[in-house]
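S.K.: This is the structure, below, for whatever I ask next.
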Amino acid sequence: MKNNSLILRLFTSSIALKGIVAISGLFLIGFIIIHLLGNLLFYVGPEVFNLYGYRLSQQKQIYTTLEIIILIGFVTHIGLTGWTTYINRRARPKTYQKRKTFQGIRNLFSSNMALTGTIIVCFLVVHLRGIRFAEKTQIPVPGEPGALMYDLYNLLIIKFTDPIYAGFYIISVCLVGGHLSHGLQSAFKSLGLYSGTMEIVLKRLAIAFGVVIALGFGSIPFYIWLLY
């Protein structure tokens, strides 16, 4: 009974839920950083970029396990974020909601996290279909006779020379950057890290992080567009 009561309090406590959402969000941010670093190998050249993808695919058990963990992280984050929003809205008096409406919004992302989050999920589906599950050309692995690897480098060139796909991708990663920036600020607050001058420092850090993520991912289709 005590365990059931603890679980019930956990999923009805706004503070506890925000803490879990913050932790799951930080986990996903870690994945995004690693993913960006891998993508930036595109600038090194086709051999290095393709070998990076090949080495990852060679670790099938680890790779599959990580994909499952990341998927669970996404589902947990999205589900608990929605549940927390629902609980907060139920707890707010109507007068508070009306007052907030007339106060206006602080910025696009803080007031539209659910909307930008939904767009990002749609982007992930399109991106996975276009890259992760797309038909790929195989080429020889340098120094490994008989071994083949996917030509991911030319796949990106083909995808990003399509102006519609490239434009959708750039807009989407800008939304990702903004979403992560506000999400990181919310995580800092939920974890109790905002205090005194640290609030300003962490807020600027979160904004800078969002900009770096957007520029990092968005630079690749722009670079391909310039060259091809």
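The values are calculated or read from the model by the stated rules, or taken from the named source; none is laboratory data. Everything numeric here is computed off the predicted structure, so don't read it as measured data. Note that each Cβ is placed from the backbone with ideal geometry, even for glycine, and that neighbours are counted across all protein chains shown.
S.K.: Limited to region 41-74, what total is found for residues that are surrounded by 14 or more Cβ atoms within 10 Å (Cβ to Cβ) and closer than 24 Å to Cys174 by Cα?
M.R.: Qualifying residue count for the region: 6.
S.K.: Check whether at least one residue in region 134-149 is in a helix (DSSP H, G or I) and surrounded by 15 or more Cβ atoms within 10 Å (Cβ to Cβ), and report yes or no.
M.R.: No, that holds for no residue.
S.K.: Within region 192-209, track down each residue that is in a loop (DSSP other than H, G, I, E, B) and surrounded by fewer than 15 Cβ atoms within 10 Å (Cβ to Cβ).
M.R.: Gly192, Leu193, Ser195, Gly196
S.K.: Quick check on this structure: which one of Leu205, Leu191 is within 19 Å of Ala22 (Cβ to Cβ), hydrophobic (A, V, I, L, M, F, W, C) and in contact with a helix residue (DSSP H, G or I) (Cβ under 7 Å, 6 or more places away or on another chain)?
M.R.: Residue meeting the stated conditions: Leu191.
S.K.: Against the definition (touching a residue at least 60 places away in the same chain (Cβ under 8 Å) and part of a helix (DSSP H, G or I)), how does Ala166 come out, yes or no?
M.R.: In short, no.
S.K.: Here are some residues: Phe27, Phe74. Which one is modelled with pLDDT of 85 or more, among the hydrophobic types (A, V, I, L, M, F, W, C) and in a helix (DSSP H, G or I)?
M.R.: Checking each option against the conditions leaves just Phe27.
S.K.: Does any residue of region 173-191 turn out to be on the phi > 0 side of the Ramachandran plot and not in a helix (DSSP H, G or I)?
M.R.: No - not one qualifying residue is present in region 173-191.
S.K.: So, of the residues in region 140-151 that are of a type outside the set (Gly, Ala, Ser) and more than 30 Å from the chain's Cα centre (by Cα), which turns out to be farthest from Arg55 (Cα to Cα)?
M.R.: Pro145
S.K.: Taking Ile34 and the conditions (1) touching a helix residue (DSSP H, G or I) at 6+ places or on another chain (Cβ under 8 Å); (2) modelled with pLDDT of 90 or more, which numbered condition does it fall short on, given that it satisfies the others?
M.R.: The single condition Ile34 does not satisfy is (1).
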